[in-house]
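The structure appears right after this line, and notes come after that.
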Amino acid sequence: MKRWRLPAPLLSVALAALWLVLARSASPGNVLLAVLAGLLVPAVFASLRPERPRVRRPLRVFKLVWVVAWDALLSNFDVFSTLVRGLRRPPARRFVHVPLDLRDPTGLAWLCTITTFIPGSLWCEMAPDRSVVILHAWNAPDEARFIADYKERYEKPLMEIFE
């Protein structure tokens, strides 16, 4: 006999809890529906879940989080000060083509998330072969320096973490 197991137990619990919170009722019917949703949704969509990423240097994650938080703070200040000045000296907004060395799908997803998290930057498009990404930068007067900083601050740590 084949044993049935939950593909994502934490997701099951979270879905059931979310169902009850959104329903704003713990009636027997809602509890039954919450349990069914918690059991069935992860099982039905298990084939769509990516394989578990392999984190090679977990302590590097903490340094990357610190860098991203610091950059977000500085970028917030830069965008705010530019808007307060009334765009008398407009920022050097541009689309930047950044060549990528990172190939890991999880690392690329995190790179996209980090880019979009930093105010003033936006991940626009990635080449089908994952060799180049197009970013919109709020203030990048020197494109070569922007690319070098981007690769050093975000891509290189993600390569150390995931590849």
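The combined condition, being aliphatic (A, V, I, L, M) and in contact with a Pro (Cβ under 8 Å, 6 or more places away or on another chain), is fulfilled by VAL79. Of all residues in the range 25-42, those that are under 14 Å from PRO7 (Cα atoms) have Cβ atoms under 7 Å from Cβ atoms of residues that are outside any helix (DSSP H, G or I), 6 or more apart or on another chain, in PRO42/LEU6; PRO42/PRO7; PRO42/ALA8.
When you scan the range 96-139, how many residues do you find that are under 17 Å from the mean Cα position of the chain (by Cα) and either closer than 20 Å to VAL68 by Cα or of a type in the set (A, V, I, L, M) (or both)?
28
Somewhere in the range 12-25, is a residue under 17 Å from the mean Cα position of the chain (by Cα), of a type outside the set (Lys, Arg) and either under 24 Å from THR113 (Cβ atoms) or not in a helix (DSSP H, G or I) (or both)? No, every residue in the range 12-25 fails to be under 17 Å from the mean Cα position of the chain (by Cα), of a type outside the set (Lys, Arg) and either under 24 Å from THR113 (Cβ atoms) or not in a helix (DSSP H, G or I) (or both). May I ask you to list pairs of residues, at least six apart or on different chains, whose Cβ atoms are under 9 Å apart, with the first in the range 140-161 being closer than 13 Å to VAL67 by Cα and the second being of a type in the set (Phe, Trp, Tyr) and part of a helix (DSSP H, G or I)? Every condition considered, the pairs that remain are TYR154/TRP110; LEU158/TRP110. Looking only at the range 5-39, which residues are loosely packed, with under 15 Cβ neighbours inside 10 Å and in contact with a Lys or Arg (Cβ under 9 Å, 6 or more places away or on another chain)? PRO7, the sole residue that qualifies. Being at pLDDT 90 or above, assigned to a helix (DSSP H, G or I) and among the small types (Gly, Ala, Ser) is not true of ALA43.
Scanning the range 86-110 for residues that are more than 27 Å from PRO50 (Cβ to Cβ) and at pLDDT below 90 returns GLY86, LEU87, ARG88, ARG89, PRO90, PRO91, ALA92, ARG93.
The values are calculated or read from the model by the stated rules, or taken from the named source; none is laboratory data. Keep in mind the model is a prediction, meaning the values are calculated, not measured. Heads up, the Cβs are rebuilt from the backbone with ideal geometry, glycines too, and the neighbour counts pull from every protein chain shown.
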